[in-house]
Every structure is written in C-alpha cells, then in structure tokens.
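**Q** Just passing along the structure, written as structure tokens.
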Amino acid sequence: MDKHVRVLVLAANPRDTQPLRLDEEVREIDLGLRRARSQTQCELYQQWAARPRDVRRALLDYGPQIVHFCGHGAGEEDLAFEGGTGDTHLIPTEALAGLFELFEDQVRCVVLNACYSEIQAKAIAQHIEYVIGMKKALGDSAAIEFSVGFYDALASGRSIEIAYRFGCNAIQMTGMPQHLIP
C-alpha cells in the first residue's frame, strides 16, 4: 500500500429499499484503517445518502485512491444511489464507468460492496486497475465481514490483491457460504 492513502466511502440506502447496516460497515472500515502501520497514513472520507452529483463532487474534492460503494445493486439495472427526495436513483453502468474513466489517473481501486454489482465492476475495470464487485446477492453480515478483512489487510500494508483474499477469507471464517461472491 502507498504511504498516504485516501479512501472514499459512498453510502446509499434509499428510503424505498431494504435497510442495510451501512453505519456498521463504515465504522468497521474506519477501525480497520486506524490500524494502519506507522509508515502509512490512511484518510477516510464519507459521503452518506450519496446522490449522483455527490459522487462526482467527492471524487473531485477528496482525490481518493480507493472508492468504496456500500448499498444496493440491481445487476443490469445499475447501482442504487439516492435521488433528491431520498428515493432510489439508479446510475446507469455506462455513466458510472464513464465517470471513473475521468479519474483513471487517480483512483486505483473501486469496491462495489453491493448485490449483483459484477456488471458495473466489469465496466469500471476498463478504466481502473482493481475493481471488486459481487456476483450475486450478498448478505449484510457477509458484506461487512468482507470490508473488515479487506481494510484490515490494506492497513497492515498488504497489496490490494491480498486484501481481496483477506476479505473473502473473513467471510469464510465466519462459516457463511458467501465467500465466493466477491
């Protein structure tokens, strides 16, 4: 991991969707990053109730190397962000990939911790070196465990590839059968 890493968490749980424990996931990411070795400085930026314009602004304002989306995915129906009234606003896969293309010189890794986000991950991976998506539905507990393992490993100086494996193993260690979904 680099000496100075900025992580941007985009959290969206529109009011017309099933409630998720996003606050727990972000808390665990924060705790994991605080464990960073002394030679590595990690900064965590959070954008709650993320709307499309918030995503663009946060990427411009914070200059993150890692972008972590937690929320709902709908496969071919895109990722669920919030609209102006708090209801679901789906960002089309092509638009999301186009946005990350504009930041390909800055963003190194994108984590889409949302059900059925593999389609979006593949589209973003045309522009970003490391992208993690979910092949199927992933339970809330498994999503949180993945984040814990992933960010604990990154903060310990492990590579993104190894951090991904730690995330999958964290799910497996709990006995949940969902460790092959990321």
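**Q** Just to check I understand the Karplus step: with θ = phi - 60° and J = 6.51 cos²θ - 1.76 cosθ + 1.60, what whole-Hz values come out for region 63-79, glycine and proline as x?
**A** Computed from phi, the couplings for region 63-79 are x, x, 8, 10, 10, 10, 9, 10, x, 9, x, 9, x, 5, 8, 5, 9 Hz.
**Q** Show the residues, 5+ positions off or on another chain, whose built amide H is closer than 5 Å to the amide H of VAL131.
**A** Counting only residues 5 or more places away or on other chains, the set is VAL110.
**Q** Now a separate question. Could you run the Karplus curve 6.51 cos²θ - 1.76 cosθ + 1.60 with θ = phi - 60° over region 9-14 and give me ³J(HN,Hα) per residue in whole Hz, x for Gly and Pro?
**A** 9, 10, 10, 9, 9, x
**Q** I would also like to ask the following. Using the Cα atoms of region 114-182 to build a convex hull, what is its mean projected area in square nanometres?
**A** For region 114-182, the mean projected area of the Cα convex hull comes to 4.3 nm².
**Q** Taking only protein heavy atoms into account and a 1.4 Å probe, give the accessible area per residue of the chain in Å². All intermediate terms of the calculation are to be shown ahead of the outcome.
**A** Working: 8730 Å² over 182 residues.
Using a 1.4 Å probe on heavy atoms only, each residue of the chain averages 48 Å².
**Q** Percent of accessible area on the chain owned by carbon and sulfur, 1.4 Å probe? Working shown, then result.
**A** On the way: 4090 of 8730 Å².
Result for the chain: 47 percent of the exposed heavy-atom area is carbon or sulfur.
**Q** Under 21 Å between alpha carbons, and skipping anything fewer than 8 positions from LYS3 in its own chain: which lysines qualify?
**A** In chain and number order, there are no partners.
The values are calculated or read from the model by the stated rules, or taken from the named source; none is laboratory data. Nothing here was measured: the structure is a model prediction, and the numbers come from that model. Surface accessibility is based on the protein's heavy atoms, side chains included, excluding ligands, DNA and RNA. Shrake-Rupley method; radii C 1.70, N 1.55, O 1.52, S 1.80 Å.
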